[in-house]
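Each remark here refers to the structure printed beneath this line.
Coordinate-derived values only; no laboratory data. In this text the structure is predicted, and so the values were computed from the model without any measurement. Cβ sites come from the backbone with ideal geometry, for glycine too, and all protein chains shown count toward neighbours.
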Amino acid sequence: MIAELRVRDLATIADVTLSLGPGLNVLTGETGAGKSMLVDALGLLLGGRGDSGAIRPGTARVVVEGVFENIPASVRSGIQELGLELEEGRLVIRREIAAEGRSRAWANDSPTTMTVLSELGGHLVELHGQHETQSLLRADAQRDLLDAYGEAGAERRALADAVLAADAIAEEQKALASRRGEVRKHADHLRHVVREIDAAKLVAGEDETLDQEARRLGQVEQLTSLAARIGAGLEGESGSALEALGQVSRALTQLQRIDPGTAAWRELLDAASANLGELARTAREYGAALEADPGRLAELEARRDLLYRLKQKYGETLSAVLETRRASAAELDLLDTADLDLKALGARRAAQDAAVRVAAQALTEKRALAANSLASAVNRLLPKLGFQGGAVSIGLVPLSQPTTTGYESVQFQVKLNTGMEERPLARVASGGELSRLTLALKVGGPGDRRRGRRPGGGCARRSREAAPGAGDHPPPPDRGPRRPAPRGVEEGQGRPRHQRRGGDRRRGPGDRARPDAGRCGCRHRSKPCAGVTAGEERVAKRE
């Protein structure tokens, strides 16, 4: 995943950019060339403890930057849980350590913390060395390795989904119960709100209508005077607008006699006269209708005062006051329905808890099978790695609080030699021993299964349904010219795997030492077949 590592001013390194390609990349060099410094730089980049003493003399700060690309989906989800976003699938991490000891870090140009860098380190890089913290020492890494070996991904996802669904129901229960408690505390107040607003019999927009009527009744004398002035100006005895229009009409008549082309002006004048006459009539009627009504005015003021007080208490507008009434009534309704809703949620929670237990049991059973199988596969490798009498066991320790990853933690226990006690893998003292054990777990673990071996290790007899050529052992590497193909095998097919000999062949001395040798009909150079050892029954079941 790491595509590039840039280091500046770290110890003896002035400025170097290391581009890495897919697959195996090897750095070679004589002692003191700076190979370890590059590993140290990677550790700093991923949250390792920084020391200003590592800054190159004469410079102000160490700068380390790493570019990560082609990040797997499983790792991307973990990165996103840390609050980081990838840019086009890339993650660029940068860290600076100043001479005064201050350390700063960025992820895709956004500031981040050392804690986040440490978490990223667990997702992005695995350092192997005698004195480095290795991921397999972490309980979660041991659990993930076992689940990968046992192909328990589907069971883990099913359990996680079931637990999350149960948690969601629990949160819903908690929220509803809490809300019910709050409503109960304020139930009397809510009832008062509903009663007070209902008693007012509010109508949306009512306040604006009342304001207009109150202004009119409060200024009746002024409105009457103004209406009279308008009427007098339009149709008074002298100097009124209608009198002036009469003079205009007589002049227009004379004008038309001289120039008939002005006949259209008459229509305009007639329309103006009609409009002014209508306006004069309306003003007279408006003034006549105005009448002081102190009783009505007092009634209006009382109503306006009530609306003002409600808006002060429950909202700036009548619409807001009515919304407060609706919300209060809805909360009171909650008291009537909460008990039934909580009972229904309880039934859903019980059913979901049962589903969680079923999913957890399925995962536990698969882990138990995988634990025995993986331990056996690793234990066969330990003597080859110098652990005569050594053994690895994998325990499932029940958790006091179940999680989305299971009802147990996974603990790898190791015994280095005969007579020694088992102890957790994380407590192996020697770095060399730890490296060899990690190698055994890597070789005997999920990678070995992906190369075609079954959990029982060694040779498992093929089922009749297996595809042709899908043997358990991979073909040998090309070692030069091949011998002629056996009789009955066409050229290009390769040698048949696990070639059977006749059932009546005689056993050799090595076979006599192993009563079960050859029972599967496979050739193993006098070694017993795993299919007839302690795992035979399990292998048969798998087939």
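Of everything in segment 169-222 that is among the acidic types (Asp, Glu) and in contact (Cβ under 8 Å) with a residue 40 or more places away in the chain, the residue that is nearest to Ala347 (Cα to Cα) is Glu172. Within this structure, Leu46 fails the test of being free of Cβ contacts under 8 Å to residues at least 24 places away in the same chain and either surrounded by 12 or more Cβ atoms within 10 Å (Cβ to Cβ) or not hydroxyl-bearing (Ser, Thr, Tyr) (or both). Filtering segment 342-389 to residues that are within 26 Å of the chain's Cα centre (by Cα) and acidic (Asp, Glu) leaves only Asp353.
Just to confirm my filter: which strands (runs of 3 or more DSSP E) fall fully inside segment 49-153 and include at least 1 residues that are touching a residue at least 60 places away in the same chain (Cβ under 8 Å)? Passing ranges, in order: 61-68. Filtering segment 278-301 for residues that are among the basic types (Lys, Arg), touching a residue at least 60 places away in the same chain (Cβ under 8 Å) and surrounded by fewer than 17 Cβ atoms within 10 Å (Cβ to Cβ) leaves a non-empty set. Of the residues Ile79, Ile93, the single one that is surrounded by 11 or more Cβ atoms within 10 Å (Cβ to Cβ) and closer than 16 Å to Glu65 by Cα is Ile93. Does Leu335 fit the bill of being surrounded by fewer than 15 Cβ atoms within 10 Å (Cβ to Cβ), more than 55 Å from the chain's Cα centre (by Cα) and in a helix (DSSP H, G or I)? No, not satisfied. Inspection of segment 275-297 identifies at least one residue that is on the phi < 0 side of the Ramachandran plot, part of a helix (DSSP H, G or I), more than 41 Å from the chain's Cα centre (by Cα) and among the acidic types (Asp, Glu).
Those helices (runs of 4 or more DSSP H) of segment 187-272 in which 2 or more residues are under 30 Å from Ala329 (Cα atoms) and in contact with a helix residue (DSSP H, G or I) (Cβ under 6 Å, 6 or more places away or on another chain) occupy 187-200, 206-218.
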